[in-house]
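The structure appears below as C-alpha cells.
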Amino acid sequence: MRLTAAEQRMLDGGEGPAKQKAMSGLVQLGRAFGAERMVEIGYAHIHAGMALYLHDVELMEDLADLGATMAVPSSVNIANADTVNWQATGAPESLARLQQRAADAQHRLGAACTFTCTPYWAGHWPTWNTHMTSIESTVTIFCNSVLGARSNRDGFFAVYAGITGRYPLFGYHLDENRRGTHLVRVDTPLRSVTDFSALGFHVGRIVGEGVPVFEGFERRPSLDELDALGAALATSGGVALFVVPGVTPPYATAAQAFGGRVPDAAVDARRADLDAVYDYFCTRGDGAFDIVHVGCPHASFEEMKEYGRLLDGKRIAAGMELWVTTSRPVRRMAEEAGIVRVLEAAGAKVISDTCPISCHFARTVSPDPALGVVPPPLRAIVVDSAKQAKYVRDMIRCDTLLTGTAEAIETALTGRFVRHGRAA
Ligand code: F3S
C-alpha cells in the first residue's frame, strides 16, 4: 500500500503506540482487500466493549491506557446492558457495572458513548461522500443509502480507523462498487414501517451482497421506513447499499444508479412475498409469548411519538411485558417531551443501550461465569422488525411473532397476539 508521510509516521510509531497499533491493523486490512492507499475518514461508529465478555471491555481500556483517542467524530455501538435501568431487563448488576466500565473507557477515548445502533437519530449524520467506518450493518447501510456517505461493513477495524482517521480505500468507498446490481419492482402498497422491514428481508435473501435499486414506491419513503428497509436488507443478505432513486445521493434515476450496466436480475416484491416473511417469523402456533418488543433498530424520536400516541391513556394487559428500545439521547428528548411518562404510565419499559438480542438473553454467547448471567426461559417474543425476529430466533433461540408496530402494541394492550394488518 502507498502511505502518505503522515500515515507512515503513524505506522513507524512516531505518533505513539496506539496509532501505531491501529495503523498496523489497517495496513493489514488494506493489503487483504487489495487497497492501493488509505483515505481520510470523517466519522467512525465503533465497537462498544461488550460486557458479556470481560476481556472485550479490557480491550477498550487497554487502548485508552495506550493513549488512544478518536481522531474523528465517533459514536459507540449497542451494548449488552442498560447501564442505568438494568433492572428493567432482569440483568445482573454485575453486567451493568462492567458495561459502565466500558463507557468510562469510551469517554477516555473521546467517543460519544451512544450505545446505539441508530447514532444518526442521536445527531451523528455524515453527509454525502464522507468516508466513514461502522461496526454496525444497520449504520453502514443507512449512511450509504440515505445519506450518501461511504462505508463498508466493518468489524473491530472501525476502532482503528477512528484512532487514525484513516481507512483503506476499497469496497463501498469506491465509485465502481456503488452501482446498482438488481432492479427491484415493488408491486404492492406498503402499509407500515414493518412492511418495509419485510420487503428488505425478502429482497436481501435474493440479492445477497448486491446493490438493489428500488422502483415502485407509491411515495417517498420516510426516514424510519428507509431505516427499517436497510436494517432488514443487511440481515437476510450482506447488503451494504441500496438505491431509491431521488433519495440515495447522487442518483436521481434508476438508469443513473446502474451506470449503463444491465442489471444482473430483476426482483419482484409482491404482497405475497411480504406475507411470506411475516409467516416465516410467526413460528408460535399457539400464539403464546413472553415479551412484546418495538424499537429495532433503536427508535427515532418520531417512532417514540408514535408509540406514545398508541399507548396514551391506556394500560397494557396484566402480566404483559412491553419493551421499547431507543438510544439514550432519543430517550432524553422523549422524556423532555413527556413521551416516556406516557409510555411508562401505560406499563411499557423504556430501555436504552441494548435490545433483546444484544442483552443477556442471547444463548449463543459464553459470558464470564463471575457475572452470574442467566438467560431467562422464553417461549416467544412479539416483534415489529424482521431483523430482530431473525436474531431472536438465532441467538435467543425462542419463537418469534412478527407483526406491525400498531399490532404489536395492541398485542401488549390486549394480551392476545394481533397479526399484521389487523390493528384496530
Ligand atoms: Fe439494533 Fe438490536 Fe435491532 S442492535 S438493529 S435493536 S437487533
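The values are calculated or read from the model by the stated rules, or taken from the named source; none is laboratory data. Just so it is clear, the model here is predicted, and its values are computed rather than measured. In this analysis, Cβ positions are derived from the backbone assuming ideal geometry, glycine residues included, and neighbour counts consider all displayed protein chains.
Remark: pairs (first residue in region 379-398, more than 15 Å from MET320 (Cβ to Cβ) and assigned to a helix (DSSP H, G or I); second residue more than 11 Å from the ligand (Cβ to nearest atom) and of a type in the set (Gly, Ala, Ser); Cβ separation under 8 Å; 6+ apart in sequence or on different chains) = ALA386/ALA198; ALA386/GLY200; ALA386/SER236; LYS390/SER236. The residues of region 113-127 that are under 20 Å from ARG166 (Cβ atoms) and either aromatic (Phe, Trp, Tyr) or more than 16 Å from the ligand (Cβ to nearest atom) (or both), listed by number, are PRO126, THR127. Test of understanding: among ALA272, ALA252, ALA288, which residue is modelled with pLDDT under 95 and either surrounded by 14 or more Cβ atoms within 10 Å (Cβ to Cβ) or more than 16 Å from the ligand (Cβ to nearest atom) (or both)? Matching residue, one of ALA272, ALA252, ALA288: ALA288.
ASP384 satisfies every condition listed in (1) crowded, with 21+ Cβ neighbours inside 10 Å; (2) at pLDDT below 95 except (2). The set of residues in region 201-245 being among the β-branched types (Val, Ile, Thr) and in a loop (DSSP other than H, G, I, E, B) consists of VAL211, VAL239, VAL244.
Within region 365-414, the set of residues being out of contact with any Lys or Arg (no Cβ under 9 Å at 6 or more places or on another chain), within 14 Å of the ligand (Cβ to nearest atom) and among the polar types (S, T, N, Q) comprises SER385, GLN388, THR405.
Inside region 399-412, residues that are part of a helix (DSSP H, G or I) and in contact with a strand residue (DSSP E or B) (Cβ under 9 Å, 6 or more places away or on another chain) make up a count of 6. When the test is whether a residue is crowded, with 17+ Cβ neighbours inside 10 Å, farther than 16 Å from SER352 by Cα and touching a strand residue (DSSP E or B) at 6+ places or on another chain (Cβ under 8 Å), ALA71 does not pass it.
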